[in-house]
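To start, the structure itself, in structure tokens.
The values are calculated or read from the model by the stated rules, or taken from the named source; none is laboratory data. Please read all numbers here as calculations on a predicted model, not as lab measurements. As a convention, Cβ positions derive from the backbone with ideal geometry for all residues, glycine included, and neighbour counts pool all protein chains shown.
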Amino acid sequence: MKKTSLLSLDSLSLQDFDENAELIPLMTPEDEEEINKEDLPATLPILSLRNTVLFPGVVIPITAGRDKSIKLINDANAGGKVIGVVAQKDEAVENPTASDVYNTGTVARILRVLKMPDGNVTVIIQGKKRFKINEVLTEEPYMTASISDVPEEKPTPKNKEFAAIIDSIKELALQIIKDSPNIPTEASFAIKNIQSNSFLVNFVSSNMNLDVKDKQKLLEINHLKDRSLETLKYMNLEFQKLELRNDIQLKVQNDMNQQQREYFLHQQMKTIQEELGGVSYDQELEEMRQRAKSKKWDEKVAKHFEKEIAKMQRMNPQVAEYSIQRNYLDLFLELPWNEFSKDKFDLKRAKRILDRDHYGLDDVKRRIIEYLAVLKLRNDMKSPILCLYGPPGVGKTSLGKSIAEALGREYVRMSLGGLRDEAEIRGHRKTYIGAMPGRIIQSLKKAGTSNPVFVLDEIDKLSNSHQGDPSSAMLEVLDPEQNSDFHDNFLEMGYDLSKVMFIATCNSLSTIQPALRDRMEIINVTGYTIEEKVEIAKRHLLPKQLEEHGLTTKDLKIGKPQLEKIVEGYTRESGVRGLDKQIAKMVRFAAKNIAMEETYNIKVTNTDVVDVLGAPKLERDKYENNNVAGVVTGLAWTRVGGDILFIESILSKGKGTLSITGNLGKVMKESATIAMEYIKSNAKTFGINPEVFDNYNVHIHVPEGATPKDGPSAGITMLTSLVSLFTQRKVKKNLAMTGEITLRGKVLPVGGIKEKILAAKRARIKEIILCDENKRDINEINPEYLKGLEFHYVSDMSEVVNIALTNTKVKNAKTL
């Protein structure tokens, strides 16, 4: 029975390729002598190998993927099955020429060719004799060359030194196989059964963990004794590495724990570094120091960083504080200390951007341009704190984004709605587990500059809890006199926020802490008129919805009359979010019809609007009529904009009691009482019989009783309602009013005028009664929005009654 061999020390055998293949016999001295007697052909096809070197007698599998190599193997397999094998100097070369391969190689015999499923060819070859390329004859379709034999010089059989080298190679090879966990023990049988000294040296050289360059040097050594001695040197070096690796693993093995895999990896790294004579984690610390050199921080910050990195260097990397300290220093290196983007103070360009992104809001945009002008003239980057105040959906947040684009600054947004933990603003102390910097510092880190436009959304919705008062923590952030040295608990030192342009947004000023409100410039962003909403829908909302639904203007067209119908009949807000939703319904309807290949009107009609959105829902907001005494239309301000308010009064037989319903607050109940007492004291002036007050009960009601209503705006409305009731005189058509009264009958000014005027226009009101002191508010409104409205400015209640009430009695008027 023939002796068999593994192909290499990594247990690769022929059975890996073909279970019916015969094992290749080990080379015996007789085989070697027979091979040496064979004559080499004058020319051979040359196969270049990328990453290995073939030695005489050794069997290796080669995978060929290049077209030239596959053709060479197929031709040789069909012919004499003898090829020349050389190694490439650079394995990255795809089509090697004569200059890209080594001059010395090995003649090989093809033992078996296997076609792989991926299209490549695997060939099993065995080295025979060394050769030298004399001249490359052709390079197409593959390389062929004239070759000459390279005879091997062998020591005499009685050479004791050579015999000792061979014995050492065998012993060392067996020891490496024994100590290495990656080499199967079966490989030792192959070593023991090798009889040829030359094949032993070649076999070990082929399977050592050397690069191609070193293996080629071994192949080119002519004298067998010199080659075996060089092989032994490489084996000793490999054995020393193996021993060192095993020693390191043995040292850390005792510390290994199944639940502490990460600890094991750190310990192994530490042991390796100690064996190399270095200090643990030096490279990481050095990288941090190199990054610190590029930072633009001042001397105080630099000293603090150096102190903290020295503290980290003294720490044991296995303790929990080490990772906290590393995160702390990483934050220091990632923050944009004194890094600023350059402002673009082109105010005309800024105005174009604001006009492009927002229709209307002329006062707001004018004030923003004024602020940018001041920044430009002052020539420093210390920014004011702006607060955009107004109902939802009017574009407060998007204004901040437009300002950032106009200035060329980074844009950062932080939502404060429902935030109730002070640490979200100031951060946690880094001694706590899971400590993090506050969201202000985190946002600046993400922005990459120290002067972004920073939008603080919904600042009125900050809330208190047992975890602190975030609104108080915001005082330092938004105070231009203090925020140049903002203290974050995690950072443990001041950070300059004075160059940040903070823009807060809110829906109500009443819920903002007074001290916080005092630190901000309030810009009132009021609602939109019907005309503005139509333009916004046409310019922004409709194109946006068409794009989001995959449609174009060719698929759906909504004209201004239809947009106006949607605005009036289906929205009752100051902003445009509700309008956006209604337009989205119209676009979805078109998208559905296109997808289902159904017909529809590309140009939307009023009928289409009703069919898609249903019957108009807000017709009740229209002015009703003046056929009933005691019904007056008032104007009210709400958190979502202006609205009209109906106040109704009625008389019934009784003892003169006054009852008020409609979920009214304390202020409105007081207004009703004041109005009633004023009428009693001035009954003769209004032509009212004083006995009525003792014989009739008065009931005042404000419809929509489930909705809470309060505020100093309905005094004159209630008084007008009561005078109309007692005198049974009609209230003038299409009239609304707002204002408060005193017991002396003086009319007081009220707020929210623009929102109330917008509500009046939506309700088709024609005349409005206001306090004469509110005339200044009307002057601030664009005259275009006031078209079709007539204003009456009054200072006394007698003027209100004279303007509001006609001399005509209502039908079926009561006789009092």
Just to be sure before I move on: is Ile169 out of contact with any strand residue (DSSP E or B) (no Cβ under 9 Å at 6 or more places or on another chain), in a helix (DSSP H, G or I) and surrounded by 15 or more Cβ atoms within 10 Å (Cβ to Cβ) in the structure I sent?
yes
Test for Leu542: is it touching a helix residue (DSSP H, G or I) at 6+ places or on another chain (Cβ under 7 Å), modelled with pLDDT of 90 or more and either on the phi > 0 side of the Ramachandran plot or buried (at least 20 other Cβ atoms within 10 Å of the Cβ) (or both)
yes
Among the small types (Gly, Ala, Ser), within 48 Å of the chain's Cα centre (by Cα) and over 24 Å from Tyr678 (Cα atoms) - does that describe any residue in region 743-753?
yes
Residue that is modelled with the highest pLDDT, among those in region 87-119 that are in contact with a helix residue (DSSP H, G or I) (Cβ under 8 Å, 6 or more places away or on another chain) and either in the same structural domain as Phe203 (by TED's automatic domain parsing) or part of a loop (DSSP other than H, G, I, E, B) (or both)
Tyr102
All positions within region 479-517 that are assigned to a strand (DSSP E or B) and within 20 Å of Leu372 (Cα to Cα)
Met501, Phe502, Ile503, Ala504, Thr505
Do you know which residues across region 737-765 are of a type outside the set (Val, Ile, Thr) and in contact with a Lys or Arg (Cβ under 8 Å, 6 or more places away or on another chain)?
Arg762, Ala763, Arg764
Region 558-587, subset part of a loop (DSSP other than H, G, I, E, B) and of a type in the set (S, T, N, Q), residue surrounded by the most Cβ atoms within 10 Å (Cβ to Cβ):
Ser574
From the set of residues in region 281-319 that are of a type in the set (Gly, Ala, Ser) and without any contact (Cβ under 8 Å) to a residue 12 or more places away in the chain, which is nearest to Gln268 (Cα to Cα)?
Ala310
Just give me the residues in region 662-703 being aliphatic (A, V, I, L, M), free of Cβ contacts under 8 Å to residues at least 60 places away in the same chain and under 26 Å from Ala636 (Cβ atoms), in sequence order.
Leu664, Val667, Met668, Ala672, Met676, Ile679, Val698, Ile700, Val702
List the pairs whose first member sits in region 518-546 and is in a helix (DSSP H, G or I), whose second member is surrounded by fewer than 20 Cβ atoms within 10 Å (Cβ to Cβ) and not aromatic (Phe, Trp, Tyr), and whose Cβ atoms are under 6 Å apart, counting only residues at least 6 apart or on separate chains?
Val534/Lys560; Val534/Glu564; Leu541/Asp580; Gln545/Ala584
Residue, surrounded by the most Cβ atoms within 10 Å (Cβ to Cβ), within region 198-225, restricted to residues that are among the polar types (S, T, N, Q) and in contact (Cβ under 8 Å) with a residue 40 or more places away in the chain:
Asn202
Look through region 63-101, keep the residues that are in contact with a Ser or Thr (Cβ under 8 Å, 6 or more places away or on another chain) and more than 19 Å from Ile133 (Cβ to Cβ), and return whichever of them is surrounded by the most Cβ atoms within 10 Å (Cβ to Cβ).
Ala64
